[in-house]
Amino acid sequence: MTAQLIDGNALSRQLRANVAARVTALKAKGITPGLAVILVGDNPASHVYVRNKVKACEDTGMHSVLESWPASMTEAELLGRVNTLNQDASIHGVLVQLPLPAHIDAQKVIEAIDPAKDVDGFHIASAGALMTGLPGFWPCTPYGCMKMLESIGYDLKGKHAVVIGRSNIVGKPMALMLLQNNATVTICHSGTKDLKAMTLQADLVVAAVGKRNVLTADMVKPGAVVIDVGMNRNDEGKLCGDVDFAGVKEVAGYITPVPGGVGPMTITMLMVNTLESAEKT
Ligand code: NAP
């Protein structure tokens, strides 16, 4: 069997076109959705991510502000900037790029963001809303995975989903979103004794670990849907996921590639969250 590809680039293009149309409609009412991105320090990967976020804003007609601060910025200074942006009526989303330098308490900074502008969905209020099934911002990466499942018309009701990874930004919110959509969910992590025994029972596997080849063909039930969130480098330095793509695509029913899968969807859902924040004003 050869799996069908879930193309994150194509789906992103569709969704971003829809965002751009809604931005145009909002502008006609005098509101331009605005995203502020704060970057502290010189992490090269973070620079690429924030550049892509700002470009996505430009492409969809949104206003964006990029603040780049040196690694020496103090926690108090950063909290001050977040507070200022919280009060800025032209800004509907405030995002602080992680990781932050070690002397800054990232959780404290996230909690300082106005939950109404928490477009990354990392604030404890957003996490609580997801946990209780109330409206709120969903973290962009698992939200993007949900959109990918929606795009193939996948009905989660009664399906067994296995999520590998339990981080606050991917694994846990992913599991909650799947649960909310009536899947039976198993969460695996580094302490899971027999990962293969779990994944072989899964109709859907989401791999969010950050290690190559965590999921291989012998671990996948024929026809299962496989979503690969991981971002790693192979021996040639090329971007790859957590899934052994070449092997697993011969067993799975659907699979997301890396690159061109979950990655572009993450930024797309950031645009959706920012737009929806502006639509609420
Ligand atoms: P993280 O915070 O490091 O969490 C990794 C999770 O994997 C942890 O829960 C860990 O378990 C679990 N784990 C580690 N080794 C394992 C093993 N051998 N078997 C089963 N579980 C194992 O990472 P993250 O932030 O969630 O990100 C995960 C991956 O997704 C990374 O590659 C990251 O770069 C990528 N990512 C991609 C996007 C995107 O837009 N495409 C966005 C975010 C993240 P413990 O909890 O027990 O330690």
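Read the figures in this text as sums done on the coordinates, not as results from a lab. Because the structure is predicted, anything quoted here is derived from the model rather than measured. Cβ sites come from the backbone with ideal geometry, for glycine too, and all protein chains shown count toward neighbours.
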Please identify the trypsin sites (Lys or Arg not before Pro) of the stretch 1-56 that satisfy two criteria: DSSP loop assignment and at most 13 other Cβ atoms within 10 Å. Which are they? K29
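Taking K and R as +1 and D and E as -1, what net charge do the other residues with C-beta under 13 Å from the C-beta of A3 add up to?
Numbers: positive: K221, K249; negative: D7, D228, D244, E250.
Surrounding charge for A3 is -2.
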So what is the relative contact order for the chain, in percent, with contacts set as C-alpha pairs under 8 Å and at least six apart? 23 percent
Set Lys and Arg Cβ to +1 and Asp and Glu Cβ to -1, take the dipole of the chain about its Cα centre, and tell me which of N234, A3, A278 lies farthest positive. A3
List, in order, the whole-Hz ³J(HN,Hα) value for each residue of the stretch 57-69 obtained from phi through the Karplus relation with A = 6.51, B = -1.76, C = 1.60 and θ = phi - 60°; use x for Gly and Pro. 4, 4, 5, 9, x, 8, 8, 9, 10, 10, 9, 10, 10
Taking Cα atoms, the helix 75-87 axis meets the longest principal axis of the chain at an angle in degrees (rounded to 10) of 80 degrees
Listed by chain and number, the residues whose amide H is under 5 Å from that of C240, excluding neighbours fewer than 5 places away on the same chain and using placed H, are N232, R233, N234
Local electrostatic count, G165, Cβ distance below 13 Å [Lys/Arg +1, Asp/Glu -1]: +1
Where GluC sites (Glu not before Pro) in DSSP loops with at most 15 other Cβ within 10 Å are excluded, longest remaining stretch of the chain: 1-235
For a quick check: with amide H placed at 1.01 Å from N, whose amide H comes under 5 Å from V65's, ignoring anything fewer than 5 positions away on the same chain? L35, A36, V37
Take each of the peptides 112-120, 137-145, average the number of other beta-carbon atoms within 10 Å over its residues, and list them starting from the highest. 137-145, 112-120
Which listed residue (L215, T141, L204) has the Cα farthest towards the positive end of the charge dipole for the chain, taking +1 on Lys and Arg C-beta and -1 on Asp and Glu C-beta about the Cα centre? L204
Radius 9 Å from Cβ of N182, net charge of other residues (Lys, Arg +1; Asp, Glu -1): +1
Rounded to whole Hz, the Karplus (6.51, -1.76, 1.60) HN-Hα couplings of the stretch 101-112, x for glycine and proline: x, 4, 7, 10, 7, 4, 4, 4, 5, 4, 5, 7
Nearest 10 degrees is fine. How inclined is helix 8-28 to the longest principal axis of the chain, computing both from alpha carbons? 30 degrees
Extension gain from A106 to A246, taking 0.36 nm per residue of separation minus the Cα-Cα distance: 46.7 nm
Row for the stretch 1-110, column shape: gyration tensor on C-alpha, a ≥ b ≥ c, rounded if a/c < 1.5 i.e. under 1.5, prolate if a/b over b/c, else oblate; value oblate
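Relative contact order for the stretch 1-120 using alpha-carbon pairs under 8 Å, separation at least 6, rounded to a whole percent?
28 percent
How long is the gain from T2 to D42 if the chain were fully straight, where each residue apart is worth 0.36 nm and the alpha carbon distance is subtracted?
So the chain would gain 10.2 nm between T2 and D42.
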Where the only charges are on Cβ atoms (+1 Lys, Arg; -1 Asp, Glu), what is the dipole of the stretch 219-270 about its Cα centre, to the nearest 20 debye? 140 debye
Could you give the size of the charge dipole of the stretch 71-174 about its Cα centre, using +1 on the Cβ of each K and R and -1 on the Cβ of each D and E, expressed in debye and rounded to the nearest 20? 440 debye
Residues whose built amide H sits under 5 Å from the amide H of V40, excluding neighbours closer than 5 in sequence, are W69, Q97
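Once you order the gyration tensor axes a ≥ b ≥ c over the Cα atoms, which shape class does the stretch 137-187 get: rounded for a/c under 1.5, otherwise prolate or oblate by comparing a/b with b/c?
Oblate is the answer for the stretch 137-187, as a/c is 1.5 or above yet b/c matches or exceeds a/b.
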The stretch 4-45: projected area of the alpha-carbon convex hull, averaged over directions, in nm²: 5.0 nm²
Going down the table (K55/K147; K29/K172; K53/K196), which pairs top 29 Å between alpha carbons? K29/K172; K53/K196
Expressed as a whole-number percentage, the relative contact order of the stretch 91-198 with C-alpha contacts under 8 angstrom and at least six residues apart is 19 percent
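Let me know the charge dipole size of the chain about its Cα centre in debye, to the nearest 20, where only the beta-carbon of Lys, Arg (+1) and Asp, Glu (-1) is charged. Before the final figure, lay out the partial values.
Numbers: 25 positive and 26 negative charges, 86 e Å.
With Lys and Arg at +1 and Asp and Glu at -1, about 420 debye.
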Shape of the chain from its Cα gyration tensor (a ≥ b ≥ c, root eigenvalues): rounded if a/c is under 1.5, otherwise prolate when a/b > b/c, or oblate? prolate
